[in-house]
1. So, in segment 46-66, of the ones that are under 22 Å from residue 148 (Cβ atoms) and open to solvent by 80 Å² or more (accessible area, probe 1.4 Å), which residue ends up nearest to ligand 2 (Cβ to nearest atom)?
2. Is it the case that some residue within segment 69-87 is under 25 Å from residue 174 (Cα atoms), free of Cβ contacts under 8 Å to residues at least 40 places away in the same chain, touching a strand residue (DSSP E or B) at 6+ places or on another chain (Cβ under 7 Å) and in a helix (DSSP H, G or I)?
3. Somewhere in segment 232-245, is a residue assigned to a strand (DSSP E or B), out of contact with any Gly (no Cβ under 7 Å at 6 or more places or on another chain) and of a type outside the set (S, T, N, Q)?
4. Starting from residues that are open to solvent by 10 Å² or more (accessible area, probe 1.4 Å) and of a type in the set (A, V, I, L, M), keep the ones in segment 169-195 and report whichever is farthest from ligand 2 (Cβ to nearest atom).
5. Determine whether segment 67-87 contains at least one residue that is open to solvent by 30 Å² or more (accessible area, probe 1.4 Å), farther than 26 Å from residue 142 by Cα and more than 12 Å from the chain's Cα centre (by Cα).
6. Here's a check for you: in segment 13-33, which residue that is part of a loop (DSSP other than H, G, I, E, B) and open to solvent by 10 Å² or more (accessible area, probe 1.4 Å) is nearest to residue 197 (Cα to Cα)?
Amino acid sequence: MDIDKIKRASELIKKSSKTMVLTGAGISTESGIPDFRSPGTGLWENTDPMEALSTTVLYNDPEKFYSEGYKMLLGMKDAKPNRAHLVLAEMEKRGFIKGIITQNIDNLHHKAGSKYVLEVHGNTREGSCMDCGKKVPLDVMTQKINEGQIPPKCNSCQGTLRPDVIMFGDMLPEDFSIASNEASTSDLLIVVGSSLVVSPVNYLPQMAKNLIIINKGRSAMDHYSDILLNGSASDILEAILEELVEE
Ligand code: NAD
Ligand code: ZN
């Protein structure tokens, strides 16, 4: 690990009066959830997530949606936060960061104890009725599916239920406009584990005054970064926190 860069990163964090963190699927690979774009992991090679988790499939082929896409969501349910999630929760507690903007839907920032989390691609805790908007816990939806009700139906109006995950073809939730506002008023944005190819989230890194990118592979915004740290999210974040608390 490049100690000099770790030191520079922690200096930037100390100097910044407002820092937000933007996380992607790469922060959760060490919790056993595969990302979309790391080459060679092969875990989802039989299912194309972009297709299985799309509104086109949900509307036109609900059987396929609930047997393939929805199963991928359930696969995240028992995952546990890793050191990277825990360090970010600690950094918020100690006032080094204001909060997290996450593209992830795996709930691991909440499980790690982070308080201010903007979920710009939705979550896997709830679903809602496509007709009347009524919310239901995802577990209730899953129970209906397990009982053979595909697609699952709303108890109030018999409309079709769907998970509250933002899929290809969906509009972004309110959290995204809050996130844009937070990013554009930040001194520093730290990106962790994202290829930054998914739009419009990948506009956020250009909004903050300074940018740190922590990622194993290359990202589409590497050239915008003030400090680029390539490697494991948990190793790098741990080293940064150690540097921050050392006096
Ligand atoms: P991505 O798959 O496009 O990119 C992940 C990046 O993380 C890669 O560049 C990879 O090199 C890096 N990476 C992998 N393991 C790492 C590690 N241990 N430490 C540091 N970096 C690591 O992910 P994305 O940019 O978030 O875009 C994928 C989209 O899919 C997002 O919109 C997200 O909502 C969704 N998704 C979510 C989850 C989840 O909730 N955990 C999982 C897969 C996909
Ligand atoms: Zn309804």
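The values are calculated or read from the model by the stated rules, or taken from the named source; none is laboratory data. The shown structure was predicted, so the numbers you read here are calculated from the model rather than taken from an experiment. Methodologically, a virtual Cβ is constructed for each residue, glycine included, from the backbone with ideal geometry; neighbour enumeration extends over all protein chains shown. For accessibility, only protein heavy atoms count, side chains too; no ligands or nucleic acids. Shrake-Rupley method; radii C 1.70, N 1.55, O 1.52, S 1.80 Å.
1. Among those that are under 22 Å from residue 148 (Cβ atoms) and open to solvent by 80 Å² or more (accessible area, probe 1.4 Å), it is 59.
2. Looking for residues that are under 25 Å from residue 174 (Cα atoms), free of Cβ contacts under 8 Å to residues at least 40 places away in the same chain, touching a strand residue (DSSP E or B) at 6+ places or on another chain (Cβ under 7 Å) and in a helix (DSSP H, G or I), one finds none in segment 69-87, hence no.
3. Looking only at segment 232-245, we keep the residues that are assigned to a strand (DSSP E or B), and these are none.
No, segment 232-245 contains no residue that is assigned to a strand (DSSP E or B), out of contact with any Gly (no Cβ under 7 Å at 6 or more places or on another chain) and of a type outside the set (S, T, N, Q).
4. 178
5. Narrowing segment 67-87 to residues open to solvent by 30 Å² or more (accessible area, probe 1.4 Å): 67-68, 71, 74-75, 77-78, 80-81, 83, 86.
Keeping just the survivors that are farther than 26 Å from residue 142 by Cα gives 83, 86.
Of the ones still in play, those that are also more than 12 Å from the chain's Cα centre (by Cα) are 83, 86.
Taking every residue of segment 67-87 in turn, at least one turns out to be open to solvent by 30 Å² or more (accessible area, probe 1.4 Å), farther than 26 Å from residue 142 by Cα and more than 12 Å from the chain's Cα centre (by Cα).
6. From segment 13-33, those part of a loop (DSSP other than H, G, I, E, B) are 16-18, 24, 32-33; that's our starting set.
Right, trim to open to solvent by 10 Å² or more (accessible area, probe 1.4 Å) and you get 16-18, 32-33.
On the way: 16: 26, 17: 28, 18: 25, 32: 22, 33: 19 Å.
Once the filter is applied, the top-ranked residue is 33.
Let's see how each residue does on (1) within 12 Å of ligand 2 (Cβ to nearest atom); (2) open to solvent by 30 Å² or more (accessible area, probe 1.4 Å); (3) touching a helix residue (DSSP H, G or I) at 6+ places or on another chain (Cβ under 7 Å):
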site	(1), (2), (3)
117	no, no, yes
128	yes, no, no
137	no, yes, no
145	no, no, yes
152	yes, no, yes
167	no, no, yes
